[in-house]
Ligand SMILES: CC(C)(COP(=O)(O)OP(=O)(O)OC[C@H]1O[C@@H](n2cnc3c(N)ncnc32)[C@H](O)[C@@H]1OP(=O)(O)O)[C@@H](O)C(=O)NCCC(=O)NCCS
């Protein structure tokens, strides 16, 4: 349900509100959610903090938060893809090898999506990613996820994301990733 004038969407299941997030101002809260959802140590949080603050200066970068009584319990952020960005340069040869390189153009990248474990499986992740991509001008969306049968991969498949490349290796990441892409708007159930 929309609340005109507020730009917020009240989540149907409970007291969760989905709305714009000033991620630069709330980066520590967001990384606390990511640390427990994704499993990050203190060193990784410090590195991610600088990356997130830099990302939010990129053209078109946007974030949404899910809050419960004002407390952040989930967030998503992304931006229009730019082939000069580090992520794009890493995945480009893998996509090219599969004939999927053009997905790097006119695409909205989902950079992070995390929901606190206490609040997972209630549709919050689905609301966050569909709402942020509904606001994208681009006709499609791309992302990377650890290449395993995770809830994240299940969610992305159900939204119409397909595998564009598998076993993609990012420098310093121990596990291989899958790169996925979907037409926008994302598929509804
Ligand atoms: C991925 C994540 C954000 C999803 O958030 P969420 O709020 O729990 O997701 P939702 O409740 O909206 O959707 C859950 C969907 O995940 C999928 N899912 C959940 N558990 C699953 C499982 N065990 N196997 C396969 N798919 C599963 C289903 O598609 C489910 O949708 P449905 O039950 O409505 O059909 C959350 O699990 C998370 O934060 N995980 C850890 C961090 C992470 O991996 N982030 C993504 C990095 S790429």
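The values are calculated or read from the model by the stated rules, or taken from the named source; none is laboratory data. Predicted model, so just to flag it, every value in this text is computed and none were measured. We place every Cβ from the backbone using ideal geometry, glycine too, and count neighbours over all the protein chains shown.
Only one of (1) in a strand (DSSP E or B); (2) over 16 Å from the mean Cα position of the chain (by Cα); (3) surrounded by 13 or more Cβ atoms within 10 Å (Cβ to Cβ) is not met by residue 167, so which one is it?
Going through (1) in a strand (DSSP E or B); (2) over 16 Å from the mean Cα position of the chain (by Cα); (3) surrounded by 13 or more Cβ atoms within 10 Å (Cβ to Cβ) one by one, residue 167 breaks only (3).
Output the number of the condition that residue 189 fails; it satisfies all remaining conditions of (1) outside any helix (DSSP H, G or I); (2) exposed (fewer than 13 other Cβ atoms within 10 Å of the Cβ); (3) at pLDDT 95 or above.
Unmet for residue 189, out of (1) outside any helix (DSSP H, G or I); (2) exposed (fewer than 13 other Cβ atoms within 10 Å of the Cβ); (3) at pLDDT 95 or above: (3).
Name the residue, out of 58, 77, that is closer than 24 Å to residue 177 by Cα, touching a strand residue (DSSP E or B) at 6+ places or on another chain (Cβ under 6 Å) and surrounded by fewer than 16 Cβ atoms within 10 Å (Cβ to Cβ).
None of the other options fit; the residue is 58.
Go through the range 139-160 and count every residue that is near the ligand (Cβ under 10 Å from one of its atoms) and under 16 Å from residue 181 (Cβ atoms).
The qualifying residues number 10.
Could you look through the range 126-138, keep only residues that are under 20 Å from residue 88 (Cβ atoms) and surrounded by 12 or more Cβ atoms within 10 Å (Cβ to Cβ), and pick out the one that is nearest to the ligand (Cβ to nearest atom)?
Among those that are under 20 Å from residue 88 (Cβ atoms) and surrounded by 12 or more Cβ atoms within 10 Å (Cβ to Cβ), it is 129.
Could you please give the count of residues in the range 91-115 that are more than 12 Å from the chain's Cα centre (by Cα) and crowded, with 20+ Cβ neighbours inside 10 Å?
6
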